[in-house]
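Engineer: There's a structure below that I have some questions on.
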Amino acid sequence: AQSVAQPEDQVNVAEGNPLTVKCTYSVSGNPYLFWYVQYPNRGLQFLLKYITGDNLVKGSYGFEAEFNKSQTSFHLKKPSALVSDSALYFCAVRVINSGGGADGLTFGKGTHLIIQP
Amino acid sequence: NAGVTQTPKFRILKIGQSMTLQCAQDMNHNYMYWYRQDPGMGLKLIYYSVGAGITDKGEVPNGYNVSRSTTEDFPLRLELAAPSQTSVYFCASSPAQGAGEKLFFGSGTQLSVL
């Protein structure tokens, strides 16, 4: 079974500093990895994804994520944090099932990112 | 440009009552999903559908039912509400079920069962 771990419930960063939100995964096969963001009282919004190719993936709002196969990680990063980046961030994974299709996304528990002015 | 629309936004139920959470999408997506979000637990898949007339169970289907009579609509039914079903429910859709497809989410329904 596939699983995702987000080891930090909350990450606090000062505005202007770089930020990292951690994610590790466990799958059988090649992973398809995603980051979603949730603002208060809103649904999740897609940020970025890794399917194959370059290990550094760039996404919306200046975010990027680095896929590391040996460490089974997919950490979310941003060089300079903004107060408006404060939100709940979810890492998710998907694999191809035995029938050749893809099951639903498996989500991590989420990490609250708080950017302090 | 509505995307995925969920109604109602909030609801309080008494134990044993029934209700239907509505979900509609206007993007002509074949694939639709229902998730529940509990604090500190992430999102869990309840049911999903790969097209009109086809539904399948996800990770936590007990206590719920779904139907998919049209491409646009994917309602979630709670027959006998229980306190354990207090949660925030999200509907989502995607154009295909390829592993790299992103999901489009509605804004959620916050349900309390008392």
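Engineer: Considering only the range B:13-40, how many residues are open to solvent by 30 Å² or more (accessible area, probe 1.4 Å), within 17 Å of the chain's Cα centre (by Cα) and of a type in the set (A, V, I, L, M, F, W, C)?
Structural biologist: Within the range B:13-40, residues that are open to solvent by 30 Å² or more (accessible area, probe 1.4 Å), within 17 Å of the chain's Cα centre (by Cα) and of a type in the set (A, V, I, L, M, F, W, C) number 2.
Engineer: Could you run through the range B:71-91 and say how many residues are open to solvent by 60 Å² or more (accessible area, probe 1.4 Å) and not in a strand (DSSP E or B)?
Structural biologist: So the count comes out to 5.
Engineer: From A:Tyr50, A:Tyr61, grab the single residue that is surrounded by 12 or more Cβ atoms within 10 Å (Cβ to Cβ) and either more than 12 Å from every other protein chain (Cβ to nearest Cβ) or of a type in the set (S, T, N, Q) (or both).
Structural biologist: Step by step, each of A:Tyr50, A:Tyr61 is checked, and only A:Tyr61 is surrounded by 12 or more Cβ atoms within 10 Å (Cβ to Cβ) and either more than 12 Å from every other protein chain (Cβ to nearest Cβ) or of a type in the set (S, T, N, Q) (or both).
Engineer: Checking B:Thr55 against (1) open to solvent by less than 30 Å² (accessible area, probe 1.4 Å); (2) within 13 Å of another protein chain (Cβ to nearest Cβ), only one condition comes out false. Which one?
Structural biologist: Only one criterion is unmet by B:Thr55, namely (1).
Engineer: Hey, among the residues in the range A:22-37 that are surrounded by fewer than 20 Cβ atoms within 10 Å (Cβ to Cβ) and modelled with pLDDT of 90 or more, which one's farthest from the chain's Cα centre (by Cα)?
Structural biologist: A:Ser26
Engineer: Continuing with this model, one more query. Give just the number: which of (1) touching a residue at least 40 places away in the same chain (Cβ under 8 Å); (2) of a type outside the set (A, V, I, L, M); (3) under 30 Å from B:Gly108 (Cα atoms) does A:Gly29 not satisfy?
Structural biologist: (3)
Okay, residues lined up against (1) modelled with pLDDT under 95; (2) out of contact with any helix residue (DSSP H, G or I) (no Cβ under 7 Å at 6 or more places or on another chain):
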site: B:Glu72; (1), (2): no, yes
site: B:Leu76; (1), (2): no, yes
site: B:Glu79; (1), (2): yes, yes
site: B:Ala82; (1), (2): no, yes
site: B:Gln85; (1), (2): no, yes
site: B:Pro95; (1), (2): yes, yes
site: B:Leu103; (1), (2): yes, yes
site: B:Val113; (1), (2): no, no
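Engineer: Okay, next question. Only one residue in A:Pro7, A:Pro40 is modelled with pLDDT under 90, open to solvent by 50 Å² or more (accessible area, probe 1.4 Å) and more than 10 Å from chain B (Cβ to nearest Cβ), so which one is that?
Structural biologist: A:Pro40
Engineer: State all residues of the range B:92-109 that are outside any loop (DSSP other than H, G, I, E, B) and either more than 10 Å from chain A (Cβ to nearest Cβ) or among the charged types (D, E, K, R) (or both); if no residue qualifies, say none.
Structural biologist: B:Ser93, B:Thr109
The values are calculated or read from the model by the stated rules, or taken from the named source; none is laboratory data. All values reported here derive from a predicted model rather than from experimental measurement. In this analysis, Cβ positions are derived from the backbone assuming ideal geometry, glycine residues included, and neighbour counts consider all displayed protein chains. Side chains included, ligands, DNA and RNA excluded: accessible areas come from the protein's heavy atoms. Shrake-Rupley method; radii C 1.70, N 1.55, O 1.52, S 1.80 Å.
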